[in-house]
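Engineer: Structure in structure tokens, see below.
The values are calculated or read from the model by the stated rules, or taken from the named source; none is laboratory data. All figures in this text were calculated on a predicted structure; none of them were measured in a lab. For neighbour counting, all protein chains shown are included, and Cβ atoms are generated from backbone atoms with ideal geometry for every residue, glycine included.
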Amino acid sequence: MNTVVLKFGGTSVADNIKLNVVAEKVISLKEEAKNVVVVVSAQGKTTNQLIKEAQELSAIPQEREMDMLLSTGEQITASKLSILLNRMGHPTISLTGWQAGIKTNSIHTSAKIEQINISRIEEELAKGNIVVVTGFQGLDEKQDITTLGRGGSDTTAVALQVALKADKCYIFSDVDGIYSADPNMITMAKRLDEISFDEMQEVADSRSEGIT
């Protein structure tokens, strides 16, 4: 394979022990593919904790400021994983959504990706780096940080696969596949055998309550 995109959810990266497991998985796939791009969520319940703390300050926080706050969770994960992989001898760089060229509309807390400029990612891959990208976030035309809403990290991963023309996109989660809804919340949710990018975007957008 030439290029693969890997996505790890919050449960998979919940603590430093699990980050080591993730790092080993990334390294194993790096041995199979020339280029590896990793998309990460915030660790564990970080996002929920940030929401709680914001609501302790204001019952209705401004959505722009919530995006500024919530985007930090993925940045922590990305930088920690990059530190770990570099220590393990595998050159790695972490990029925020905007450094990775992800442009969105201006609907804060539930933005949609409009385009991706992959030049920075391609530049880093050409250097032989593993590229770790923060999921769930981008930048709008005003240069403001936006977040993609529930399922946003999955959306980031699939969008990057399309933009990079990657051979595969692996989504690692605490469920055994992609479902029509969150199986932890909706018992009738159905596991999907296959899904297109447009369908993945629709599933992610439909999860309007909460954030991952």
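Engineer: In the stretch 39-58, which residue that is among the hydroxyl-bearing types (S, T, Y) and outside any helix (DSSP H, G or I) is surrounded by the most Cβ atoms within 10 Å (Cβ to Cβ)? Don't jump to the end; show me each part of the working.
Structural biologist: First, the residues of the stretch 39-58 that are among the hydroxyl-bearing types (S, T, Y): 41, 46-47, 58.
Right, trim to outside any helix (DSSP H, G or I) and you get 41, 58.
Details: S41: 30, S58: 10.
Per the criteria, the residue is S41.
Engineer: Sticking with this one: Can you say whether K7 is buried (at least 22 other Cβ atoms within 10 Å of the Cβ) and either modelled with pLDDT under 95 or in contact with a strand residue (DSSP E or B) (Cβ under 7 Å, 6 or more places away or on another chain) (or both), as far as the supplied structure shows? Break it down into steps so the answer makes sense when it comes.
Structural biologist: Details: buried (at least 22 other Cβ atoms within 10 Å of the Cβ): yes; either modelled with pLDDT under 95 or in contact with a strand residue (DSSP E or B) (Cβ under 7 Å, 6 or more places away or on another chain) (or both): yes.
Considered against the rule, which asks whether it is buried (at least 22 other Cβ atoms within 10 Å of the Cβ) and either modelled with pLDDT under 95 or in contact with a strand residue (DSSP E or B) (Cβ under 7 Å, 6 or more places away or on another chain) (or both), K7 comes out as yes.
Engineer: Right, another one. (1) within 17 Å of the chain's Cα centre (by Cα); (2) at pLDDT below 65; (3) farther than 16 Å from E74 by Cα: which one isn't true of C169, the others all being true?
Structural biologist: (2)
Engineer: Is there any pair with a first residue in the stretch 125-136 that is of a type in the set (G, A, S) and a second that is buried (at least 24 other Cβ atoms within 10 Å of the Cβ) and in a loop (DSSP other than H, G, I, E, B) whose Cβ atoms are under 7 Å apart and which are 6 or more apart or on different chains, and what are they?
Structural biologist: Matching pairs, first to second residue: G135/S41.
Engineer: For K112, state whether it is closer than 22 Å to Y170 by Cβ and basic (K, R).
Structural biologist: No, not satisfied.
Engineer: Follow-up. Is it the case that the stretch 59-68 has a residue that's in contact with a helix residue (DSSP H, G or I) (Cβ under 9 Å, 6 or more places away or on another chain) and part of a helix (DSSP H, G or I)?
Structural biologist: yes
Engineer: Just need a number here: residues in the stretch 137-160 that are of a type in the set (S, T, N, Q) and either free of Cβ contacts under 8 Å to residues at least 60 places away in the same chain or on the phi > 0 side of the Ramachandran plot (or both). Walk me through it before giving the result.
Structural biologist: Step one: of the stretch 137-160, the residues of a type in the set (S, T, N, Q) are 137, 143, 146-147, 153, 155-156.
Subset that is either free of Cβ contacts under 8 Å to residues at least 60 places away in the same chain or on the phi > 0 side of the Ramachandran plot (or both): 143, 155.
The number of residues fulfilling the criteria is 2.
Engineer: Same structure, new question: If you take the residues in the stretch 88-128 that are hydrophobic (A, V, I, L, M, F, W, C) and part of a helix (DSSP H, G or I), which one is surrounded by the fewest Cβ atoms within 10 Å (Cβ to Cβ)?
Structural biologist: Narrowing the stretch 88-128 to residues hydrophobic (A, V, I, L, M, F, W, C): 88, 93, 95, 98, 100, 102, 107, 111, 113, 116, 118, 121, 125-126.
Narrowing further to those that are part of a helix (DSSP H, G or I): 121, 125-126.
Working: I121: 25, L125: 20, A126: 9.
Only one residue fits best here, namely A126.
Engineer: List every residue pair whose Cβ atoms lie under 7 Å apart, where the two residues are 6 or more positions apart in sequence or sit on different chains, the first residue falls within the stretch 17-40 and is under 15 Å from I121 (Cα atoms), and the second residue, located anywhere, is basic (K, R).
Structural biologist: V36/K30; V39/K7
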